[in-house]
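Quick note: the coordinates plus some simple rules give every number you see, no bench work behind them. What you see is a predicted model, and the numbers here were worked out from it, not measured in a lab. So basically every Cβ, Gly included, is an ideal-geometry build from the backbone, and we count neighbours across all protein chains shown.
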Amino acid sequence: MSGTTAVEGYPYPLTPDFADVQDAFRLASSVDADLRGEQAPFRAFMGRPSFIGRQTATGSGFSVGSQALSMGAIDWDNTGGLTAGSSIWNQPLAQQPSWWMFGMTLFVSIISGTPVVGDMNLGQINVSTSDPVTGLPSSSKFFQRNDETNTAGEWINMFAMAPIYQGSVVATLILNGTTPKAVQSGSRLWGMYLGPVT
Amino acid sequence: MVTTGYSDTFGRTVANGLGSASSGQAYSLLGTATQFSVAPNTASIAIASTGDKVGYVDMQTQNLDITGQVAFSSIPITNLATVGFVGKLTSTSNYYSGTMMVAPGGAVSLRFSKVVAGGLSTISTTAVAGLTYVAGTFYNLRYQIYWSRPLQTNVMSLKVWAVGATEPGGWMATATDAAFTDYTAGTQVGIYGRDESSVSGTIITRHRSVLARSYNLPMPAVADPMCYDPGVAFPKQTALESLADAADVAMATIDPLTSLAGLFPRVRISNTALSYNTALSPNLTYNATEFNIATDTNLGYDNTSLYLPVGIWLVTFEILLAEAASDFLYVIPFGGPSIGTPAIKMRSNPSQANDQGAGGSGHVSALTFSTDPTTPLQYGVSIIANNGATTYTIRYMALSAIKVSDYFV
């Protein structure tokens, strides 16, 4: 090799050289390495992990306590973390500690009677994670409170952003009142990967 | 050497035919040579007789993204005339075309067609709203066709815009067709014109500044001697050096940050001081585009909705209501893959407890997905009043979406 290009420095033989097959190999390897480097962010973008789980049947009524959003249908999941009929999303085990954004659309359905103004409706996203060094588990709870007015059932939209590692997420409706209510069919839990924890 | 890529500035004069393109390949013709000519900067095709007229070259790659300026010398009187490009051509009996079509009176449409075993058929036609063609005017036409492995079909797109104007984001027409797979499609590409009338006329189509996007890397032809031989001017070294130079130039033009920005399609539309009557229409309307980058959303055709192409999208809606009589409003996004779209319930009277905070403001975000390459997901927002008054003033509202991932990964 006796020459390189001006910008990227690709190797090539000059005409006085006695070139051999290694010249073509070196050039191809160099271009290949550059292309892989350029394409890396695109490939990462195209495969951004995300999921959408949806409850398909309204839960049974309760007035005090909690009820998890059960994802009877998987609208979309390229994380492999959802299981139809389950209420939990599991982070891919191989994923490094990462920032995720989670969202929940929780429809609170009146099962019977008339809603009482002031009854507590509380949405909760519970994010569990493990310490990457010690493996010790911990959890963070995010809440959105939307107490009953008189509108025949409330809707709760909430979001949470958290760093997780080998973690999991559960969405829950918490009630403290007198009217039986439940998580309504159509409620959703979703999440999308934001980036690595650095 | 085999020449790859295709571009032509038509900077030559040819009486009968098209000569050789700027990229080096000699044109082959479908039609009579006397119907084709080149004057400096412009190629002309006399299309006034039955059948497609095509000038084509081999660019060595099937997938195509080609842009050029096109025009008609006159507007057809009795039938349609088309001008544009062909792609994936294997022979004059098998190819795709993407064209701008003008009807008597000047109405413009974008059309995808195919010729299979010599038989012409239209894949789809999409009217371009608000554009009336004036004879002799050049427009930019961009035609893209590529084989989608996940979809197992060709995805084709078209857009047209005035010369000198900024290229619009997204596409104006999209279609799919699998008549030619990645195993059977050709690598030839070219310019195209057709007169649909059976009556001989005088229409001439014109092309300028045609460029197929390609890095145009030179490849040694199979006949090149690849062994070292000083007697034949060191062909191996020369081939490698020219390849290295071309790769150097091509890589230097790639800007990953710019390209990555283009891969995050995003759009935001809004309205301010909107007087809104729920009795007239439940669908909110928008009058401003805050940004629209690399999406297929055609706001010019519908001011109530976003049209989201295939992918995973994060959609957000924000609203700020002026004070009004106490009432409940249901703010419900429509569209989405199935029931259960996110929603907010709010009051317009700040003296009452508000479901989403004081002052009549609301916000909803949700992840959604679009799966049909031919029918983008329509996403808009409706307001339904629970009772009483039907007229509200919206101080500000905005509907935005950003693609966060491709669907097929």
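Some notes on this structure:
- Pair B:A103, A:Q22: separation of 7 Å Cα→Cβ label points (nm): 6.9 nm
- From helices alone, chain A scores -4500 deg cm²/dmol at 222 nm; the rule is -39500 (n - 2.57) for each run of n ≥ 4 DSSP H residues, then divide by the residue total.
- Per residue of A:99-112, other chain Cβ atoms within 10 Å of the residue Cβ number 2 on average.
- Residue list for region A:124-147, given a label point 7 angstrom along the Cα-to-Cβ vector of A:S63 and an amide N cut-off under 19 Å: A:147
- Amide H contacts of B:L131 (H built 1.01 Å from N, under 5 Å, at least 5 apart or other chain): B:V108
- Cut-off 14 Å between beta-carbons: net charge of the residues surrounding A:S185, Lys and Arg +1, Asp and Glu -1: +2
- Cα gyration tensor, region B:1-61 - rounded (a/c under 1.5), prolate or oblate: oblate
- Phi angles of region A:42-56 translate, via the Karplus equation with coefficients 6.51, -1.76, 1.60 and θ = phi - 60°, into HN-Hα couplings of 5, 5, 5, 5, 4, x, 4, x, 6, 8, 9, x, 9, 6, 10 Hz per residue; Gly and Pro are given as x.
- Taking amide H atoms as placed 1.01 Å from N in the peptide plane, the amide H of B:I77 has no partner under 5 Å among residues 5 or more positions away or on other chains.
- Nearest-0.05 FRET efficiency for A:M161 and B:T125, computed from C-beta distance (R0 60 Å): 0.85
- When each of A:E154, B:E167, A:E8 is scored by the number of other beta-carbon atoms lying within 10 Å, the sequence from fewest to most is B:E167, A:E8, A:E154.
- Counting, for every residue in A:2-14, the Cβ atoms of other protein chains within 10 Å of its Cβ and taking the mean gives 6.
- Phi angles of region B:61-67 translate, via the Karplus equation with coefficients 6.51, -1.76, 1.60 and θ = phi - 60°, into HN-Hα couplings of 9, 6, 5, 9, 9, 10, 10 Hz per residue; Gly and Pro are given as x.
- 10 Å Cβ neighbours from other chains, averaged over peptide A:34-44: 3
- Formal net charge of residues neighbouring B:Y143 (Cβ-Cβ distance under 10 Å; K, R +1; D, E -1): +1
- Footprinting exposure proxy for B:Y396, B:Y27 (fewest neighbouring C-beta atoms within 10 Å first): B:Y396, B:Y27
- Here r is the Cβ-Cβ distance between B:T374 and A:M120 and R0 is 45 Å; the resulting FRET efficiency, rounded to 0.05, is 0.45.
- Residue order for B:W147, A:W190, fewest other beta carbons within 10 angstrom first, comes to B:W147, A:W190.
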